[in-house]
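Data first, discussion second: the structure below is written as structure tokens.
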There are 2 protein chains.
Amino acid sequence: MAALDRSLVSSMPIFAGLGPQQIDEALADARSVRFPKGSPVFEQGHEATSFFVLLHGHLQVVKLTPAGQQVVVRYVTPGEMFGIAVQMGRPTYPATATAVVDSLALVWPSSAWPDLVSRVPALAASALQTVGSRLNEAHQRVVEMSTEEVERRVAHALLRLVKQAGRKVETGIQIDFPITRQDVAEMTGTTLHTVSRILSAWEDQGLVEGGRQKIVVKDPHRLFALAERG
Amino acid sequence: MAALDRSLVSSMPIFAGLGPQQIDEALADARSVRFPKGSPVFEQGHEATSFFVLLHGHLQVVKLTPAGQQVVVRYVTPGEMFGIAVQMGRPTYPATATAVVDSLALVWPSSAWPDLVSRVPALAASALQTVGSRLNEAHQRVVEMSTEEVERRVAHALLRLVKQAGRKVETGIQIDFPITRQDVAEMTGTTLHTVSRILSAWEDQGLVEGGRQKIVVKDPHRLFALAERG
DNA sequence: GCGCGTTTTTGTCGGGGCTCAAACAACCAG
DNA sequence: CTGGTTGTTTGAGCCCCGACAAAAACGCGC
């Protein structure tokens, strides 16, 4: 375990409450692994052999339906635990996680979890909180899908991306990784074509700025108003 | 704590791995509370003062949007923990839970959780597993809402209800609590009218049998085929 | 038994958004 | 530079499903 990792780790909210010794104990069974852009971290249906904490980069989590359609479940940002909720009891990963930029993650073997929790009990609470908050997000998504029309869903998705991975640039706030309109469509349960039309309309209104695999939100406040009220 | 409760409790999968003494410790801070049909167990936005295990009955969990639309998030069946994921860190309930039949639940004050976990560590794992499995369900719901048309969503919702609360009757399997087409509509993100039409069509085909606040699935196998393939 | 409210059924109509189709633009490898 | 690949835009048509309306069926209280 490199010193670099340890300093990165201690800056993560998940490990915030832990002393240096506890951090060492937590890291005892972990490796840190690089995932180049485009490479899978784990794949839907494969045996759940590991759980993770993302140190750097961004991951896209995708579910594939039996009919072959893809749905983007979420994006993972640095500091988040993932692959943990899932594998308690379940033998296989329920989705595929792919690095959308070069990424770095801590990797524990699944078998290390019970031991880890007994040595660092705070981790159990941390995990429960992480999963609980993710459950809330998922339920919120269900509510959105049930009640809102496409344009507002796209607005909400964009705002979520800005919050998770917004980087200030000249003209506004840019999503900090390559993202296609197809991806946005798979996040919002619509089609590439509809997303393209909506973004074009917004660009005409000066709300956003498009580009190949690029979205810059120029006026987050107005986008928020669009998402909340009609 | 009545003896009746203790025997009920020990039959719950959540407490299955625990010895009699551990069960007593777990129940030390709990009360058992009756909720008559129609009464709220907790309400969206209220302070999260308690967490629960349902012993008997059925609860409907509903989220209300700012615009006033209702979405049925899930139904709670006996043996399930609820109100737990939510309140780790979050101060208020994110949804409203209402008893759809006379129900009985164990109620712990939120403050008892840390102490409870330290005395019965297995509960932390149990909670994590519960929440994890619920997260999976929620993601599955998102995928359904994103990719499937209304009829298949209704079929899936019905199958879920049958699995959770199916009771064998003369002509098939009946949902074991009063449920309106409006409820089904709010589960599937559609309208009362569309649900009514779909159920009428299915009734003509001998798939289900309708009635006031009643649904009987006569041919679960064919319904399943409808849900999976087109 | 009777009236009333709730739930369900059924019909018609219109529109949002998906499907199909075809250019167009940007990036990459060679 | 050039051809191929990937991503984006735009148009036309149509269908599913939601909005509106109204009556019928059922249950409940009196």
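Restricting to the stretch B:184-229, and then to whatever is part of a loop (DSSP other than H, G, I, E, B) and within 12 Å of DNA strand C (Cβ to nearest atom), can you tell me which residue is nearest to A:Val142 (Cα to Cα)? Restricting to residues being part of a loop (DSSP other than H, G, I, E, B) and within 12 Å of DNA strand C (Cβ to nearest atom), the top hit is B:Thr191.
Summed over the stretch A:118-136, the residues that are at the interface with chain B (Cβ under 9 Å from one of its Cβ atoms) and open to solvent by 70 Å² or more (accessible area, probe 1.4 Å) give a count of 3. Given the criterion open to solvent by 30 Å² or more (accessible area, probe 1.4 Å), at pLDDT below 95 and in the same structural domain as A:Asp24 (by TED's automatic domain parsing), identify the matching residue among A:Asp204, A:Asp115. Within the list A:Asp204, A:Asp115, the selection yields A:Asp115.
Condition check ((1) assigned by TED's automatic domain parsing to the domain that holds A:Gly206; (2) aromatic (Phe, Trp, Tyr)) across all residues:
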position: A:Thr92; (1), (2): no, no
position: A:Thr96; (1), (2): no, no
position: A:Val107; (1), (2): no, no
position: A:Gln174; (1), (2): yes, no
position: A:Phe177; (1), (2): yes, yes
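If you check B:Ser146, B:Ser110, which single one turns out to be open to solvent by 20 Å² or more (accessible area, probe 1.4 Å) and more than 10 Å from chain A (Cβ to nearest Cβ)? Answer to the selection: B:Ser110. All of (1) part of a strand (DSSP E or B); (2) surrounded by 14 or more Cβ atoms within 10 Å (Cβ to Cβ) hold for B:Arg34 with one exception: (2).
Rundown of residues vs (1) of a type in the set (A, V, I, L, M, F, W, C); (2) closer than 30 Å to A:Thr65 by Cα; (3) free of Cβ contacts under 8 Å to residues at least 40 places away in the same chain; (4) within 14 Å of DNA strand D (Cβ to nearest atom), yes/no style:
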position: B:Pro94; (1), (2), (3), (4): no, yes, no, no
position: B:Ala112; (1), (2), (3), (4): yes, no, no, no
position: B:Pro121; (1), (2), (3), (4): no, no, yes, no
position: B:Val143; (1), (2), (3), (4): yes, yes, yes, no
position: B:Glu148; (1), (2), (3), (4): no, yes, yes, yes
position: B:Arg153; (1), (2), (3), (4): no, yes, yes, yes
position: B:Arg160; (1), (2), (3), (4): no, yes, yes, no
position: B:Ile175; (1), (2), (3), (4): yes, yes, no, no
position: B:Ile198; (1), (2), (3), (4): yes, yes, no, yes
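So is A:Arg167 within 14 Å of another protein chain (Cβ to nearest Cβ), open to solvent by 40 Å² or more (accessible area, probe 1.4 Å) and either more than 9 Å from DNA strand D (Cβ to nearest atom) or touching a residue at least 60 places away in the same chain (Cβ under 8 Å) (or both) or not? No.
Within this structure, A:Ile175 fails the test of being more than 14 Å from chain B (Cβ to nearest Cβ), open to solvent by less than 40 Å² (accessible area, probe 1.4 Å), of a type in the set (Val, Ile, Thr) and within 14 Å of DNA strand C (Cβ to nearest atom).
Select from the stretch B:53-72 the residues that are of a type in the set (Val, Ile, Thr) and in contact (Cβ under 8 Å) with a residue 24 or more places away in the chain and write down the one among them that is nearest to the other protein chains (Cβ to nearest Cβ). The qualifying residue nearest to the other protein chains (Cβ to nearest Cβ) is B:Val71.
When A:Ile215 is tested against (1) buried (at least 19 other Cβ atoms within 10 Å of the Cβ); (2) in contact with a Lys or Arg (Cβ under 7 Å, 6 or more places away or on another chain), exactly one condition is not met: (2).
The values are calculated or read from the model by the stated rules, or taken from the named source; none is laboratory data. Keep in mind it's a predicted model, so treat the numbers as computed, not measured. Ideal geometry is used to build each Cβ from the backbone, glycine not excepted, and the neighbour counts take in all protein chains shown. For the accessible areas, the whole protein counts, side chains as well, though only heavy atoms, and no ligand, DNA or RNA atoms are used. Shrake-Rupley method; radii C 1.70, N 1.55, O 1.52, S 1.80 Å.
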